[in-house]
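Have a look at the structure below, then the notes.
The values are calculated or read from the model by the stated rules, or taken from the named source; none is laboratory data. Note that the structure is a prediction, hence the values are computed from the model and not measured. We place every Cβ from the backbone using ideal geometry, glycine too, and count neighbours over all the protein chains shown.
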Amino acid sequence: MSSGCEAVAKELQRIVGGKPVTITAARGARLGGFAGRQPRWASHTVVVSRGRVYDSYTGIQGMLIEDYKKLWQFPGDLNFGF
């Protein structure tokens with residue numbers, strides 16, 4: 001099931017470079033809350049470039065990796081890959 005994040009990541013990669021990374025849950029469950037919402041994602045694809053994370057939430061400004069991870073409800077239960 002695609003949530004559209006893959007297409008957004010592809011476009012952001014074209015603009016900012018970097019590499020696409022898919023965030024998954026450590027125990028195979030859903031990812032949990034993100035930025036005060038409950039999107040019910042099984043995974044989420046972002047772009048990581050020069051110490052920043054880019055997705056539809058951050059746009060082309062991106063966000064520092066440490067700050068981006070804080071947006072997740074349970075960051076310790078996720079496989080970020082970055």
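Please enumerate the residues belonging to the stretch 70-79 that are in contact with a strand residue (DSSP E or B) (Cβ under 8 Å, 6 or more places away or on another chain) and surrounded by fewer than 18 Cβ atoms within 10 Å (Cβ to Cβ).
If the condition is that a residue be in contact with a strand residue (DSSP E or B) (Cβ under 8 Å, 6 or more places away or on another chain) and surrounded by fewer than 18 Cβ atoms within 10 Å (Cβ to Cβ), then L71, Q73, D77, N79 are the ones that fit.
Just the residues that are assigned to a helix (DSSP H, G or I), among the charged types (D, E, K, R) and more than 13 Å from the chain's Cα centre (by Cα), please, taken from the stretch 10-30. Steps first, please.
To start, the set of residues in the stretch 10-30 that are assigned to a helix (DSSP H, G or I) comprises 10-16.
Next, from what is left, pick out any that are among the charged types (D, E, K, R): 10-11, 14.
Of everything in the stretch 10-30, those that are assigned to a helix (DSSP H, G or I), among the charged types (D, E, K, R) and more than 13 Å from the chain's Cα centre (by Cα) turn out to be E11, R14.
When the residues of the stretch 36-52 are filtered to those that are small (G, A, S) and not in a loop (DSSP other than H, G, I, E, B), which remaining residue is modelled with the highest pLDDT?
Looking only at the stretch 36-52, we keep the residues that are small (G, A, S), and these are 36, 42-43, 49, 51.
When the remaining residues are screened for being not in a loop (DSSP other than H, G, I, E, B), the result is 43, 49.
Working: S43: 95, S49: 98.
Only one residue tops the list, namely S49.
When only residues in the stretch 14-48 that are touching a residue at least 40 places away in the same chain (Cβ under 8 Å) and not aliphatic (A, V, I, L, M) count, which is surrounded by the fewest Cβ atoms within 10 Å (Cβ to Cβ)?
By that ranking, first place goes to R27.
If D67 satisfies all but one of (1) surrounded by fewer than 17 Cβ atoms within 10 Å (Cβ to Cβ); (2) part of a loop (DSSP other than H, G, I, E, B), what's the number of the condition it fails?
(2)
With (1) without any contact (Cβ under 8 Å) to a residue 24 or more places away in the chain; (2) surrounded by fewer than 12 Cβ atoms within 10 Å (Cβ to Cβ); (3) assigned to a helix (DSSP H, G or I) as the list, and A7 as the residue in question, which single condition is left unmet?
The one condition A7 does not meet is (2).
Among residues belonging to the stretch 53-64 that are part of a loop (DSSP other than H, G, I, E, B) and touching a Lys or Arg at 6+ places or on another chain (Cβ under 9 Å), point out the one that is farthest from G17 (Cα to Cα).
T58
Being touching a Gly at 6+ places or on another chain (Cβ under 7 Å) and within 14 Å of V8 (Cβ to Cβ) is the filter here, so list the residues in the stretch 50-82 that pass it.
V53, Y54, listed by residue number.
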